1. Given the condition at the interface with chain B (Cβ under 10 Å from one of its Cβ atoms), outside any helix (DSSP H, G or I), under 27 Å from A:P122 (Cα atoms) and touching a Pro at 6+ places or on another chain (Cβ under 9 Å), answer yes or no: does some residue in the stretch A:166-184 qualify?
2. Taking A:W196 as the residue in question, decide whether it is away from every other protein chain (no Cβ under 11 Å), exposed (fewer than 14 other Cβ atoms within 10 Å of the Cβ) and at pLDDT below 95.
3. Of the conditions (1) under 18 Å from B:N83 (Cβ atoms); (2) in contact with a helix residue (DSSP H, G or I) (Cβ under 6 Å, 6 or more places away or on another chain), B:V175 satisfies every one except a single condition; which number is it?
4. Got a sec? Which helices (runs of 4 or more DSSP H) wholly within the stretch A:32-104 have at least 1 residues that are under 30 Å from A:R208 (Cα atoms) and either assigned by TED's automatic domain parsing to the domain that holds A:E225 or in contact with a strand residue (DSSP E or B) (Cβ under 9 Å, 6 or more places away or on another chain) (or both)?
5. Please work out which residue is surrounded by the fewest Cβ atoms within 10 Å (Cβ to Cβ), limiting yourself to the stretch B:122-147 and to residues that are among the β-branched types (V, I, T) and within 12 Å of chain A (Cβ to nearest Cβ).
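The values are calculated or read from the model by the stated rules, or taken from the named source; none is laboratory data. Computed from a prediction, not measured in an experiment: that's the story for all the values here. Here Cβ is always computed from backbone atoms with ideal geometry, including for glycine, and neighbour counts include all displayed protein chains.
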Amino acid sequence: MAGQAITLHDELASRPGHDTWLTRILRRMFILVSLSFLAALLFAPLATVFATALGKGVEAYFASFNDPDTRSAIRLTLTAVAVVVPLNTLFGLAAAWAIGKFEFRGKSFLITLIDLPLAVSPVISGMIYVLMFGLQGWFGAWLQEHDISIIFALPGIILATMFVTFPYVARELIPLMQQLGNDEEEAAITLGANGWTTFFRVTLPKVRWGLVYGIILCNARAMGEFGAVSVVSGHIRGLTNTMPLHIEILYNEYNFVGAFAVASLLTLLAVATLIVKTLIERTGYKRH
Amino acid sequence: MSAAATEAAQATFRQPSILPGFGLTFGFTTFFLSALVLLPLAALVLMAGSMDWHSFIHTITSPRALGSYRLSFGASLLAATINLVFGFIIAWTLVRYEFPGRKLIDALIDMPFALPTAVSGIALTSVFAANGWIGQYLEPFGIKVAYTWIGVTVALTLISMPFMVRTVQPALEEVQKDLEDAAETLGAGRFYIFRRIILPTVLPAMLTGFTLAFARAVGEYGSVIFIAGNLPMKTEITPLLIVIKLEEFDYKGAAALGVVMLAISFCMLLAINLLQAWGRRRLTGVGR
């Protein structure tokens with residue numbers, strides 16, 4: 001693509017009567033505007049995360065991870081992700097098999113419903129569980145009678161995180177499975193393989209990059225979700241504070257080194273996610 | 001075969017296939033989807049529906065609610081418009097020009113997707129605060145970004161930027177270079193080529209990107225609340241008003257505002273689907 005652009009430009013430049021200085025100035029202007037826009041909005045904030053986190057020295061940076069509340073926030077986030085990501089992966093695989101391998105009525109409606117959480121505000125994603133399980137919610141009284149806590153506790157955090165990351169794996173796998181077709185699976189079944197063997201030996205290897213792609217995006221969003229989790233968490237320090245929520249608390253207490261130290265971990269996670277994503281795209285697996 | 005299969009599909013729920021596992025995966029998909037997404041969303045609508053009409057209208061048209069709509073929709077519209085211009089410039093730069101670091105920049109475009117919103121929120125706030133890296137140069141001109149509606153717009157612009165770039169990029173790659181070359185040979189100027197060849201091809205993608213960016217910005221919570229200042233009527237976005245109502249245990253009021261936002265998301269989703277269908281028709285109409 002890029003190589004083509006170069007030759008096209010050289011060709012245009014060498015064509016008689018063509019104002020080459022104009023294309024050159026336009027090109028420089030476009031690159032300059034793009035880079036300045038991204039520098040102000042994206043690169044400066046990214047750099048400030050690390051600059052502030054390390055602003056009082058490396059020791060202060062590492063010391064902020066000794067805070068027991070910070071540690072429990074990290075632990076809580078990892079716990080929630082350990083439940084959410086496998087469940088949503090399982091869902092994504094099931095949905096992709098049903099939708100990608102079979103033709104049935106209402107299929108596009110089902111796909112729209114699966115995408116629904118992406119269109120909903122994170123605040124609403126959290127609120128719907130509060131309305132179900134909160135004290136004044138539909139099942140609030142019953143849950144209190146039986147001493148079960150969902151809202152302001154781990155189950156609520158898991159539910160809200162699961163909602164917002166629900167479509168990620170399915171969205172990658174459904175178009176991929178549709179595009180790859182059923183021929184090889186049908187051959188395997190015809191030759192006597194059972195369903196599970198066909199799935200693990202034929203389908204899974206074919207879609208593996210799409211699966212990894214979906215899982216890392218799901219994981220990044222699950223670890224970083226703020227709005228939905230904020231609504232259901234109750235912000236109990238050391239108990240129901242995930243990493244993003246802990247950042248908010250530290251920031252509001254003017255503990256900037258602490259807040260940006262936790263933020264730097266999540267930024268590194270985002271960078272790692274982008275690196276893996278780019279590597280997968282290089283294997284030939286493309287989003288569009 | 002396909003004609004018979006279509007007939008069979010019309011007669012029964014799904015087309016026959018020798019592949020196993022439809023019942024299991026379809027059952028699991030619909031169960032998981034209903035339990036996690038549809039039922040809680042229905043709970044939200046029911047909760048709002050349990051209000052009488054008068055208090056529902058009163059809640060969603062209170063001055064504070066109207067003020068929050070003005071900020072949420074105004075800033076989102078502005079952010080999407082900014083992205084319409086700069087997103088196009090960035091997409092153009094990435095597709096058409098070759099420069100050092102292009103691949104890196106291309107990968108970093110997805111950063112706002114991968115970066116937790118709380119991190120972008122605190123990072124943008126510290127960059128644009130009166131003593132921040134960029135804020136200190138704007139302060140002498142009397143431009144206050146952090147804790148004003150400008151800050152809200154900046155945050156929304158950042159988080160919705162990838163939607164625009166990633167939608168326009170593939171469309172720009174589709175623009176037929178031979179058409180541009182032919183036009184140029186026939187004496188067309190650069191602006192004429194842009195207006196008559198490039199713009200018509202990428203217009204549907206730009207409108208889709210605009211709608212996606214707007215839809216994402218309207219619901220955004222995490223990155224905005226840090227930079228907004230959160231003053232009622234002035235810098236309070238609708239999602240924040242919902243959170244405040246939930247914290248006051250005014251579940252019905254929160255649900256009413258949630259229904260308003262859901263209705264808007266639904267309209268956006270519909271608009272996106274229509275735009276994409278229009279774009280596909282247009283592209284195939286132009287001919288490949």
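1. Looking through the stretch A:166-184, at least one residue is at the interface with chain B (Cβ under 10 Å from one of its Cβ atoms), outside any helix (DSSP H, G or I), under 27 Å from A:P122 (Cα atoms) and touching a Pro at 6+ places or on another chain (Cβ under 9 Å).
2. So A:W196 fails the test.
3. (1)
4. Here the list reads A:68-101.
5. Once the filter is applied, the top-ranked residue is B:I134.
Listed here are the residues, each with its yes/no results for (1) closer than 29 Å to B:L156 by Cα; (2) more than 12 Å from chain A (Cβ to nearest Cβ).
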{"site": "B:P20", "(1), (2)": "no, no"}
{"site": "B:G27", "(1), (2)": "no, no"}
{"site": "B:T30", "(1), (2)": "no, no"}
{"site": "B:L38", "(1), (2)": "yes, no"}
{"site": "B:L41", "(1), (2)": "yes, no"}
{"site": "B:F73", "(1), (2)": "yes, yes"}
{"site": "B:L78", "(1), (2)": "yes, yes"}
{"site": "B:R102", "(1), (2)": "yes, no"}
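Conditions (1) over 18 Å from B:P239 (Cβ atoms); (2) within 10 Å of another protein chain (Cβ to nearest Cβ); (3) at pLDDT 90 or above; (4) out of contact with any strand residue (DSSP E or B) (no Cβ under 9 Å at 6 or more places or on another chain), marked per residue:
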position: B:F113; (1), (2), (3), (4): yes, yes, yes, yes
position: B:T117; (1), (2), (3), (4): no, yes, yes, yes
position: B:S120; (1), (2), (3), (4): no, yes, yes, yes
position: B:W149; (1), (2), (3), (4): no, no, yes, yes
position: B:A155; (1), (2), (3), (4): no, yes, yes, yes
position: B:V165; (1), (2), (3), (4): yes, yes, yes, yes
position: B:D181; (1), (2), (3), (4): yes, yes, no, yes
position: B:A188; (1), (2), (3), (4): yes, no, no, yes
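Quick grid of which residues meet (1) loosely packed, with under 15 Cβ neighbours inside 10 Å; (2) free of Cβ contacts under 8 Å to residues at least 40 places away in the same chain; (3) touching a Leu at 6+ places or on another chain (Cβ under 9 Å):
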{"site": "B:A155", "(1), (2), (3)": "no, no, yes"}
{"site": "B:M161", "(1), (2), (3)": "no, no, yes"}
{"site": "B:V165", "(1), (2), (3)": "no, no, yes"}
{"site": "B:Q169", "(1), (2), (3)": "no, no, yes"}
{"site": "B:L172", "(1), (2), (3)": "no, no, yes"}
{"site": "B:D181", "(1), (2), (3)": "no, yes, yes"}
{"site": "B:T185", "(1), (2), (3)": "yes, yes, no"}
{"site": "B:I198", "(1), (2), (3)": "no, yes, yes"}
